[in-house]
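See structure below.
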Amino acid sequence: MLTSRIVGTGSYVPEQIVTNDDLAKIVDTNDEWIRTRTGIRQRRLVTEEGTSQMAAKAAKRALEQSGVKPEEIELIILGTSSQDYCFPSGACEVQAMIGAVNAVCYDLSAACTGFVYALNTAHAFIKAGIYRTALIIGSDVLSKLIDWSDRGTCVLFGDGAGAAVVKADETGILGMRMYSDGTKGDVLICGARTNGNFLLGKKPELGYMTMNGQEVFKFAVKKVPEVIRQVLEDTGTPMEEIRYFVLHQANYRIIESVAKRLKVDMEKFPANMEYYGNTSGASIPILLDEMNRAGKLNPGDKIILSGFGGGLTWGATLIQW
Ligand code: ACO
């Protein structure tokens, strides 16, 4: 069966660490509140870098590991909601930075589900026989979109990038599902920059991210188990066969709740938000890369990736490693 397989992973996080105690100096919060509500202890934040530079660094590491040359890449999809520019796309910038001269490149906007959407989209191209080799990246600098005086959001996020090289193969992605619900867009929203208006004499203003945390929580713990069950059902895969559930790293309590609803042991739900916070579209590929490099993924292992985020968007992919 023609499918697509991840043949290399890479990730990158900025050097600068910002702890919960550091944030307690700028907003009314404390380490204990943040840790117990979210599982986050620290995050990495950019100074000079942008989304595309981080993406290119993660991409280079994934390429190195895969042995695929930049010029062999036919498609680059960057899942991000914090592009450095409206245009050119971040994917085009990455193309230039890594020398992927033969690739068609575009960004995909699905917030924290960006990597899963991008991977599934590349998979569809590969399955259709249109491309054979793709580079999928999730990269976000949400620190640039956050209101740093809003304790309800600023404690949650971090910056980072993760990437995967995907090739046509006999085994790999076994199934996938994606969903969107645009009627709930206001639950998690980042104001537009395209809000200037000549005729109304209005200059464009930078909008910050706002979130209804409890609605996001309810959405995630309902929809993630649902979509995971669907992918398993689609492919006739028993839940017990899944070695790891690699979920978007928003919040440890969301992961615990998903595990409980699926009746699966937490041992199968790796987590690293403790160190990086919620890196949005980058969280799944960063975690996948860490697991891969730590030798935790063995050929044949069945792994679920599942993302959820603004849009609202959510989805899951079943992979045989
Ligand atoms: N430090 C201390 N107190 C805080 C902080 C903070 N950083 N933030 C909020 N509070 C206060 C609130 O003001 C409120 O105080 P009040 O009772 O005096 O009004 C109190 O804590 C409780 O606020 P809630 O919003 O009800 O807190 P909750 O227990 O729901 O936790 C949280 C908030 C962690 C955001 C939770 O709703 C959650 O986990 N939501 C999921 C959303 C999520 O993870 N989003 C990540 C981004 S979205 C994504 O990736 C898809």
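Every number in this text was worked out from the coordinates using simple rules, so none of it is lab data. Because the structure is predicted, anything quoted here is derived from the model rather than measured. All Cβ positions, even for glycine, are placed from backbone atoms using ideal geometry, and neighbour counts span all protein chains on display.
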Past the 27 Å Cα-Cα mark, which pairs from Lys167/Lys223; Lys218/Lys268; Lys57/Lys144; Lys69/Lys144; Lys167/Lys260?
Lys167/Lys223; Lys69/Lys144; Lys167/Lys260
In this structure, the FRET efficiency calculated for Thr36 and Arg293 from their beta-carbon separation, with R0 = 35 Å, to the nearest 0.05, is 0.70
Distance in nm between pseudo-label sites at Asn195 and Phe87 (7 Å out along the Cβ direction from Cα)
2.3
By how many nm would the segment from Lys69 to Lys144 lengthen if fully extended, with 0.36 nm per residue of separation less the alpha-carbon distance?
23.8 nm
Can you give me the three principal axis dimensions of the stretch 171-321 from its C-alpha atoms, in Å, biggest first?
60, 30, 30
Convex hull projection area averaged over all views, the stretch 6-160, Cα basis, nm²:
9.5
From phi via Karplus (6.51, -1.76, 1.60), per-residue ³J(HN,Hα) for the stretch 110-116 in Hz, x at Gly/Pro:
9, 6, 6, 8, x, 5, 5
Over the Cα atoms of the stretch 9-51 the radius of gyration and the largest Cα-Cα distance (Dmax), both in Å, equal 12.4, 38
Only Cα pairs within less than 10 Å get springs; with that Gaussian network setup on the chain, which residue of Ile98, Ile137, Ile303 has the largest fluctuation?
Ile98
Translational D (Stokes-Einstein, µm²/s) of the stretch 94-194 at 37 °C and 0.692 mPa s when Rh comes from the Kirkwood sum over C-alpha pairs?
204
Okay, helix-only estimate at 222 nm for the chain: each DSSP H run of n ≥ 4 adds -39500 (n - 2.57), divide by all residues, round to 500 deg cm²/dmol; what do you get?
-10000 deg cm²/dmol
Any chance you could run the full-extension gain for Asp169 through Thr235? It's 0.36 nm times the residue separation minus the Cα-Cα distance, nm to one decimal.
22.0 nm
Beyond 21 Å, what share of the Cα-Cα pairs of the stretch 19-105 is found? Please give it as a whole percent.
48
Roughly what % antiparallel, to the nearest 5, for the DSSP beta bridges in the chain?
70
Can you tell me which of 75-81, 312-318 comes out highest on packing, and rank the rest after it, using the mean Cβ neighbours within 10 Å?
75-81, 312-318
What are the ³J(HN,Hα) couplings of the stretch 35-51, residue after residue, when phi is run through the Karplus curve with 6.51, -1.76, 1.60 and θ = phi - 60°? Round to Hz, x for glycine and proline.
4, 6, 7, 10, x, 8, 10, 7, 9, 9, 10, 6, 10, 8, 6, x, 4
Expressed in nm to one decimal, what extension gain is obtained for the pair Asp265 and Lys218 from 0.36 nm per residue of sequence separation less their Cα-Cα distance?
14.8 nm
Return the inverse of the average 1/r over all pairs of distinct C-alpha atoms in the chain, which is the Kirkwood hydrodynamic radius, in Å to one decimal.
19.5
